[in-house]
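Right, one structure below, let's go through it.
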Amino acid sequence: MTKKYTLNPNCKSCRVLNALLKQKCEIEETLKCAIKMTKLGIWEWNLITNQVTLSDEVFEITGYKKEDFNDDFDYIFTTLIHPQSQQLLNESIAIALKNGILPQEEYRILNLKNTPCWVRINGEVIYDDQGQKIKLIGTILDVTTDYMAKSTLSNDLSFFESLMEALPNPIFYKDRAGLYKFCNTAFLEYIGADKGSVFNKSVFEISPKKLADIYHKADLELMAQKGHQVYESKVKYADGSYRDVIFSKAAHVDENGETVGLVGIIQDITEKKNIEKKEKILQNVRDIFWRMNQTIMEFENEASFFNKILREFPSVLSHLDEAVVLKFDDSETLSILTNTGYIENETTLLKTKRQNLFLRKDNRVGMSKPYIINDIENSKVHASLIIPLYFNDEIKWLISLDSNRNRIFDEIDLIAARFIQEELPLFYHIFELTRTTLKLSRYDSLTSLMNRGYFDTVLTDKLNIAELSNISMSLIIFDLDHLKKINDQFGHHSGDLYLKSFADMLIQNFDMPDALARIGGDEFACLISLLDTPQIEAYVDKFRKLFENTEFDSDEYKFKGSFSYGIASFPSDSMSKSELMRLADKRMYADKNRNRT
């Protein structure tokens, strides 16, 4: 029979001991409750017998039954510890046996359900009175849920980091103190630094102070406002190039609404802006050609055509100050066809300079594409954009677009110049065809004087102007004598010579007439303003004597000619075009009849 000992309630020491025992029981119960609630397992490894004792909570974690389990350490190690964690556990045990403490680590273990399971294990070596290691005891806690959550978060962070690295835009993150906590490779390339020189550094440590003050102030204001900021700027990259970028920044706010940092993205829009600029310039050039096409009939010659082009170019190139078109001829010299922005002595100096430096005939082969000249010295022009223009497979003109600012032309201007080089000769060809067509429709092919149809139009316009301006104007009609006789006797080539010679003498002897025309086979017309009829009669009579004394030589035939004329004046004779024509014609026949008698 077991003796039952009772403590004397009157004994002071017994009362203290009883209180301690009671406190111990309460602590044990509390500890058991805590272990049960947290499912904290207890393990003990006897280093002498190599036996392992596991608490019920450990078996609950693994799913194994206690009665089916071997308590040998080697069995437990291979049965419970996942192969990927076995090396880590061996290393931790070695540390414990050396230092007395088993480091707290997380290990993957095996269970009957064959599901992923992680536990956190720690422990401590127990020594006997002689200081010998006798056992290793510790706790084991199921951390599968936390581990999976942490793993998922880590994977998510890894994914986002990979995503940030894959993006071509520079991206950075700063904490509330303004220290860089993350950036991608594109950002490092943008500032020309490595990760070590950026991480945990402030903007003052990686940017010039003047810029750093601006950036820091803007960042503080943005984080204080907890807002979002987007703005466009031109910045200098680490390679020295200037780029157009869009900065997008936003404050990072936690779940309590407190700002914890700032994220920023830099979008390089240089190429986009260049494309927009290129398209705008090319469209402006197309607009120039379109406007000129509407007025192509107004250009009198090659010079007026190119002069109009030069005056239109500033709408395409705003930094253009002067421009000149130089024309190649068959010799080694150049002639200035037209210019804008230059005074006469400057164009002469420009021609001489270009001829001596690079525009000689033997250099024409190398002038195949537009090019830029910078650093021009001893001239108000410091940069030029040169556009060689080819016509019928030969270089014919050189357009020099000049600026008083150095290095002002860029690749976009060269693109516009190449477009001009391709399109302008084609447009000039259209101009020439138009001019040729107009000439054929308006001028007599033999004499190069106006034909009857065009003269009628000009006469109407001139009479309208005379009426509005209140000035006099006289119409003279000439009729060559004996044309049919010359054709019949000497041949039509002699008749053509007769007609052409008369037209040439008209041009040579009538100063600045308002119009000269061949209006019939042997009939010509001349329109003169500001002279009265007696003055004109004296002028024509002098011309008639000169013509009648001229001998024409057609092969072996020699002959002389004569003409009759009639004059009608506006407004003294009539204000009607048809009446003026009738009167002049009538008076011409009267003159012819007088000459026959």
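Each reported figure results from applying straightforward, stated rules to the coordinates on display, with no laboratory input. Everything numeric in this text was worked out from a predicted model, so none of it was measured. Note that each Cβ is placed from the backbone with ideal geometry, even for glycine, and that neighbours are counted across all protein chains shown.
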**OP:** Would you order 573, 239 from fewest to most other beta-carbon atoms within 10 Å of each residue's own beta-carbon?
**Re:** 239, 573
Subject >> Hz values of 3J(HN,Hα) by residue in region 379-386 - Karplus curve (6.51, -1.76, 1.60), Gly and Pro given as x >> reply: 7, 6, 7, 10, 8, 9, 10, 9
Original post:
residue 47's amide H: which non-local residues (gap 5+, or another chain) put their own amide H closer than 5 Å, with H modeled 1.01 Å from N in plane and none for Pro or chain starts?
Top reply: 135, 136
Subject >> Cα gyration tensor of region 35-144 - equivalent ellipsoid semi-axes, whole Å, descending >> reply: 22, 15, 14
Original post:
Rule-of-thumb check for region 138-285: C-alpha Rg over 2.2 N^0.38 Å?
Top reply: 1.32
Subject >> Relative contact order (%) - region 495-597, alpha-carbon pairs under 8 angstrom, separation at least six >> reply: 18 percent
Original post:
Which angle from 0 to 90°, rounded to the nearest 10, does the C-alpha axis of helix 270-294 make with the longest principal axis of the chain?
Top reply: 20 degrees
Original post:
Counting pairs of alpha carbon atoms under 8 Å apart in space and at least six apart in sequence, what relative contact order in percent does the chain give?
Top reply: 6 percent
Original post:
When a footprinting reagent is the concern and you count Cβ atoms within 10 Å, what order do 574, 494 take, fewest first?
Top reply: 574, 494
Original post:
In whole Hz, what ³J(HN,Hα) sequence does region 480-486 give by Karplus (6.51, -1.76, 1.60; θ = phi - 60°), x for Gly and Pro?
Top reply: 6, 7, 6, 5, 4, 5, 5
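With the contact rule set at Cα under 8 Å and sequence spacing of 6 or more, what percent relative contact order holds for region 286-336?
This gives 21 percent for region 286-336.
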Subject >> Folded to 0 to 90 degrees: helix 209-225 orientation relative to the chain principal axis, Cα >> reply: 70 degrees
**OP:** Please report, in Å, the Rg and the Dmax of the chain, where both are computed over Cα atoms only.
**Re:** 53.2, 188
**OP:** Using only Cα atoms, tell me the angle between helix 12-38 and the longest principal axis of the chain; keep it within 0 to 90° and round to the nearest 10.
**Re:** 40 degrees
**OP:** Pop out the ³J(HN,Hα) list for region 512-522 in order, Karplus 6.51 cos²θ - 1.76 cosθ + 1.60 with θ = phi - 60°, rounded to Hz; leave Gly and Pro as x.
**Re:** 6, x, 6, 6, 10, 8, 9, 9, x, x, 10
Original post:
Calculated from DSSP H runs of 4 or more alone, at -39500 (n - 2.57) each and per residue, what is the 222 nm mean residue ellipticity of the chain, nearest 500?
Top reply: -15000 deg cm²/dmol
